[in-house]
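The values are calculated or read from the model by the stated rules, or taken from the named source; none is laboratory data. Remember, predicted model here, so these are calculated numbers, not experimental data. Cβ placement follows ideal geometry from the backbone for every residue including glycine, while neighbour counts extend to all protein chains displayed. Heavy atoms of the whole protein, side chains included, go into the accessibility calculation; ligands, DNA and RNA do not. Shrake-Rupley method; radii C 1.70, N 1.55, O 1.52, S 1.80 Å.
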Amino acid sequence: MSRKGNFYDNAVSVSFLGTLKVEFGGRSESHHHAHNQLFDLIKILYNGVRYHSALGYHSPRAFERLES
């Protein structure tokens, strides 16, 4: 991180948190519920859909379909 007051420091985290607010649609019922929602968003949706350069710029799900 750079010096205090540089607004580029947290641009990535602010963008990510803004996306989370939109995806969740507000407050969660409990900490456990929020944890489960976050797990679903990152582990199941994001990691299964995003493209990987090591897989020839395919998502893991698409790459598995190509292999079978």
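Descriptive notes on the structure:
- If you plug the beta carbon distance of Phe63 and His33 into 1/(1 + (r/R0)^6) with R0 = 22 Å, you get a FRET efficiency near 0.10.
- Per residue accessible area of the chain, 1.4 Å probe, in Å²: 89
- Model label points for Val12 and Leu55, set 7 angstrom from Cα along the Cα-to-Cβ axis, are 2.1 nm apart.
- In this rough spin-label picture, where each label sits 7 Å from Cα along the Cβ direction, the Leu45-Phe24 distance is 1.3 nm.
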